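Read the figures in this text as sums done on the coordinates, not as results from a lab. Here the structure is a predicted model, which is why all the values come from computation and not from measurement. Glycine also receives a Cβ, built like all others from the backbone with ideal geometry; neighbour counts cover every protein chain displayed.
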Amino acid sequence: MAAAAVILLAAGAQAQNTSFRPGQIWSDDKGVHINAHGGGILYYRNVYYWFGEHKTEGPGGNNANVGVHVYSSKDLYNWKDCGIALAVSDDPASDITKGCILERPKVIYNARTKKFVMWFHLEPKNGGYDGAMIGIAQADKVTGPYTYIRCTRSNPQTWPVNVLPLHKEPVTGRNARERSNLNWNEHPDSVNTLGRDFQKGQHSRDMTLFVDDDGKAYHICSSESNSVIHISELTDDYLDFTGKYVRAFIGDRMEAPALFKKDGLYYFMGSECTGWAPNRARSAVAPSIWGPWTQIGNPCVDRDSETTYHSQSTFFIQVAGKKNTFIYMGDRWTPDNAIDGRYIWLPVEFTPDGRFILHWYDEWSL
Ligand code: DGJ
């Protein structure tokens, strides 16, 4: 037996993982640290697919120099490199030209169209984060190649369900329509960011997708200069907005939205806004995706809870075949050498008073 194991290793086979080790190097089947940051998981035909940002070494490594990387796994511990699902373009005129910002890609499967649909945060090259757009791509095969379709702001020329009369007033003077961001001390309604962006479409920066039990899909993003979360319903083909959306957590300034559903309740997690630096997470629960959302505090409870254990949320994995088993998926960013970013995966635990919490574990398994 020992001899067989030695032979396998000598032949270059990777040792099998049987646990998660948050924050450690996580090697794929080729022995290379997994490169899928700001990621999300799609479970399709008994296989998990992990899509994320392919980062590169050194300064500039957070820009999209390669595209969206995809890996597959049957057990969530061991991941096979399936290559680049969506490649950036060499064409300088393309929206997804090499060097743009392409973050937090999420892929969902549409059973009606039988297509795999990818949405991501897109910032045109050299524009900083002022674009605040969404890119949409689609593929026939789960691992791609994905074909880029278009980019857009969210819900152009559409008011949310909970629009206020003030939003429909002309945006002039101190509301400074041309300003793309709020100052830190401004409330989004005091400068009417919603009205400001009505024509062009609302900001969509950090984002995720969520598919409900009935197959309806939703886009959840940090909008209105990162001060409000927008939750929008998608069309049946998952390629557009239906126009139904709500503003949630108004003025609370959150990024990194992630959602899961358990026993009919919707749970939300997000972060504060401090760039690549970690901060304290927030969480909320609601009886409907449309709200009302009740904030239930920082889900992290151990040492380093104030920095979300040096991570920022990106997704919750629902573990197949295990009732009510969810995994928190977060990123430990390393902006000086983005490719070295680590993954913080922790089990989601529930308290008797209806909150979810995250304990720190150096090593754990399902
Ligand atoms: C925080 C976001 O959550 C990340 O996805 C990224 O956009 C950084 N900000 C950029 O500073």
How high is the relative contact order of segment 189-315, in percent, counting Cα pairs under 8 Å that sit 6 or more residues apart?
16
Alpha carbon centroid spacing (whole Å) that separates segment 297-366 from segment 129-162:
27
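How many percent of the alpha carbon pairs in segment 74-188 exceed a separation of 17 Å?
68
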Output for segment 250-326: chymotrypsin sites (Phe, Trp or Tyr not before Pro) sitting in coil per DSSP, at most 15 other Cβ within 10 Å, listed by number, reads 276
Quick one: how many lysine pairs does segment 199-298 have with C-alpha atoms less than 19 Å apart and a gap of 8 or more or different chains? Give me the count, please.
4
For segment 80-143, whose charge dipole is built from +1 on Lys and Arg Cβ atoms and -1 on Asp and Glu Cβ atoms, the candidate among 110, 135, 97 with its Cα farthest towards the positive end is 110
For segment 56-133 the trypsin sites (Lys or Arg not before Pro) that pass both the DSSP coil test and the at-most-12 other-Cβ-within-10 Å test are 74, 112, 114
What is the magnitude of the charge dipole of segment 66-117 about its Cα centre, with +1 placed on the Cβ of each Lys and Arg, -1 on the Cβ of each Asp and Glu, and no other charges, expressed in debye to the nearest 20?
380
How many nm is it between the label spots at residue 366 and residue 186, if each spot is 7 Å from the Cα in line with the beta carbon?
4.7
Might you report the magnitude of the Cβ-based charge dipole of segment 94-139 about its Cα centre, with Lys and Arg at +1 and Asp and Glu at -1, to the nearest 20 debye?
360
Pop a pseudo-label 7 angstrom from the Cα along the beta-carbon direction at both residue 45 and residue 310 and give the gap in nm to one decimal.
4.0
Which order do peptides 142-151, 157-166 fall in by mean Cβ count within 10 Å, highest first?
142-151, 157-166
Report the relative contact order of the chain, percent, no decimals, based on alpha-carbon pairs under 8 angstrom and at least 6 residues apart.
14
Loop-only check: which chymotrypsin sites (Phe, Trp or Tyr not before Pro) in segment 182-244 are DSSP coil with at most 15 other Cβ within 10 angstrom?
184
For residue 130 and residue 237, extending 7 Å from Cα along the Cα-Cβ vector and measuring point to point gives, in nm, a value of 3.3
Taking r as the C-beta separation of residue 302 and residue 336 and R0 as 25 Å, the FRET efficiency to the nearest 0.05 is 0.40
Note: residue 274 to residue 158 extended length (0.36 nm per residue) minus current alpha-carbon separation gives 38.8 nm
About its Cα centre, what dipole magnitude does the chain give when the only charges are +1 on Lys and Arg Cβ and -1 on Asp and Glu Cβ, stated in debye to the nearest 20?
560
Full-extension gain in nm, residue 17 to residue 74, via 0.36 nm per residue minus C-alpha separation
19.3 nm
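Quick one: order 53, 233, 349, 169 by neighbouring beta-carbon count within 10 Å, fewest to most. It would help to have the intermediate numbers written out before the result.
On the way: 53 28, 233 19, 349 14, 169 11.
Least to most surrounded, the residues fall as 169, 349, 233, 53.
Using only Cα atoms, what is the ratio of the radius of gyration of segment 59-120 to 2.2 N^0.38 Å?
1.30
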